[in-house]
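Below: the structure, in structure tokens.
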Amino acid sequence: MNFMEKAKIKNILEVGIINTIRINFYYFGIKGIICPYIIASRNLKLKTLKGKVIVNNKTIGAIKIGFGSVGILDKKYCRSLWENKGIIEFLGTSNLGAGSRIACIGHLILGDKTFINGNSSIICRKKVIIGDNTVFSWECLIMDTDFHEIRDIGDSIIKNPDRDIVIGKYVWIGCRTTILKGSFIADNSVIAACSVVTGILGKENTVYVSNSPKISNVKWNY
Ligand SMILES: CC(C)(COP(=O)(O)OP(=O)(O)OC[C@H]1O[C@@H](n2cnc3c(N)ncnc32)[C@H](O)[C@@H]1OP(=O)(O)O)[C@@H](O)C(=O)NCCC(=O)NCCS
């Protein structure tokens, strides 16, 4: 048995039948039981099942939540979390890996073949768009809100409102990266490990360390 076959069998053993039935029935009714578009692992906590989920690829298991592993994760202790009071839209297949956490009261759009690796989190209060084939390494954090408002003393205008995040296609986000409100990342970019992204990263095929372009005209292997 090769590595891929072993991983597939492991994933089957980790399927959370109750979780899978609950999430599909809530969002798609009986249709979702007959054809579960979302396959959830036992290690997923369905904290808030509200809002809406839109799935464009209507095949069994187009969306996987809580599977896979990277060497440094102890899967027993990294539970995935689903908290949806907004709209989560899957444009194709997506893999939200072990320990990945989604908290959405806004509109989260995940492109085709997006891969969110272990223990990464997305917090969406307004709008977060992630392009096709974009990969997040482990322990990344994406949030389009600061949670606390900042105002000038004596002024009522909020200086740090929630702002959309747009991440392009074929972007590779290195481990432990944080992407904050208002960020834009161009297609085919690489974001170095532990970056903090806060601005417009507009040049395609570029390696960025945080907001600074470091290496131009590159292509990374998916
Ligand atoms: C982005 C990355 C792929 C670039 O690798 P590379 O092409 O070999 O680049 P280099 O190591 O030559 O670095 C180029 C420059 O960027 C800097 N740099 C690279 N990564 C950096 C980081 N994470 N933080 C700060 N600076 C960094 C280097 O110091 C160097 O700066 P200099 O030109 O001023 O000397 C690599 O640095 C990285 O972050 N890898 C981690 C990927 C990851 O998270 N993988 C998890 C599995 S998906």
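The values are calculated or read from the model by the stated rules, or taken from the named source; none is laboratory data. This one's a predicted model, so the numbers in the text were calculated from it and none came from an experiment. Neighbour counts are summed over all protein chains in view; Cβ atoms, including those assigned to glycine, are modelled from backbone coordinates with ideal geometry.
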message: Taking the condition of being surrounded by 17 or more Cβ atoms within 10 Å (Cβ to Cβ) and part of a loop (DSSP other than H, G, I, E, B), how many residues in the stretch 140-155 meet it?
response: 3
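Mind telling me which of the residues LYS214, LYS181 ends up being charged (D, E, K, R), more than 24 Å from LYS64 (Cα to Cα) and within 16 Å of the ligand (Cβ to nearest atom)?
Values: LYS181 fails: within 16 Å of the ligand (Cβ to nearest atom).
Exactly one of LYS214, LYS181 is charged (D, E, K, R), more than 24 Å from LYS64 (Cα to Cα) and within 16 Å of the ligand (Cβ to nearest atom), namely LYS214.
Do we find that VAL190 is over 17 Å from ASN119 (Cα atoms), within 8 Å of the ligand (Cβ to nearest atom) and modelled with pLDDT of 95 or more in this structure? Lay out the reasoning, then the answer.
Details: over 17 Å from ASN119 (Cα atoms): yes; within 8 Å of the ligand (Cβ to nearest atom): yes; modelled with pLDDT of 95 or more: yes.
Yes; evaluated as a whole, the condition is true for this residue.
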task: Would you check which residues across the stretch 52-78 are surrounded by fewer than 16 Cβ atoms within 10 Å (Cβ to Cβ) and out of contact with any Phe, Trp or Tyr (no Cβ under 9 Å at 6 or more places or on another chain) and list them?
output: GLY71, ASP74, LYS76, TYR77
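Kindly evaluate ASP155 against the criterion of being more than 15 Å from the ligand (Cβ to nearest atom), charged (D, E, K, R) and over 20 Å from GLY97 (Cα atoms).
Numbers: more than 15 Å from the ligand (Cβ to nearest atom): yes; charged (D, E, K, R): yes; over 20 Å from GLY97 (Cα atoms): yes.
It is true that ASP155 is more than 15 Å from the ligand (Cβ to nearest atom), charged (D, E, K, R) and over 20 Å from GLY97 (Cα atoms).
Of all residues being assigned to a strand (DSSP E or B) and closer than 20 Å to LYS219 by Cα in the stretch 117-139, which is nearest to the ligand (Cβ to nearest atom)? Just the residue, please.
Keep residues of the stretch 117-139 that are assigned to a strand (DSSP E or B), which gives 121-124, 127-130, 135-136.
Going one step further and asking which of them are closer than 20 Å to LYS219 by Cα, we end up with 130, 135-136.
Details: ILE130: 15, VAL135: 7, PHE136: 8 Å.
Looking at the filtered set, the residue picked out is VAL135.
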- request: Would you be able to say whether some residue in the stretch 198-206 is basic (Lys, Arg) and within 13 Å of the ligand (Cβ to nearest atom)?
  value: no
query: How about the stretch 112-158: which of its residues are within 18 Å of SER189 (Cβ to Cβ) and small (Gly, Ala, Ser)?
result: SER120, GLY131, SER137
